[in-house]
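The values are calculated or read from the model by the stated rules, or taken from the named source; none is laboratory data. What you see is a predicted model, and the numbers here were worked out from it, not measured in a lab. Here the Cβ positions follow ideal geometry from the backbone for every residue, glycine too, while neighbour counts run over all protein chains shown.
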Amino acid sequence: MNKDRSRPRILIVTPEISYLPKGMGTLSNGFSAKAGGLADVSAALISALFEQGADVHVALPDYRSIFVSRFGTISNSHFRVDTS
């Protein structure tokens, strides 16, 4: 295993995030879990660390499975979309 000791490895554990930096990984594009200001602060911290070359990893709760286990499967037909 090749370890780059000059790059710190950082794990950020947060309940919400508004965006992840481009280039961080294939799942980072368009990803969001936001309820308040903490999401913006988390995103800014992660972006700053990533831009400085840190090996940043993010852990978030699996909200979809929590929601489904409590309320059952929700299909798109359950949501009203205003197209006007």
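For residues that are assigned to a loop (DSSP other than H, G, I, E, B) and surrounded by 14 or more Cβ atoms within 10 Å (Cβ to Cβ), scanning just the stretch 16-35, find the one that is modelled with the highest pLDDT.
16
For residues that are among the polar types (S, T, N, Q) and farther than 15 Å from residue 15 by Cα, scanning just the stretch 42-73, find the one that is modelled with the lowest pLDDT.
The residue in question is 73.
What single numbered condition from (1) assigned to a helix (DSSP H, G or I); (2) among the hydrophobic types (A, V, I, L, M, F, W, C); (3) at pLDDT 70 or above fails to hold for residue 11?
(1)
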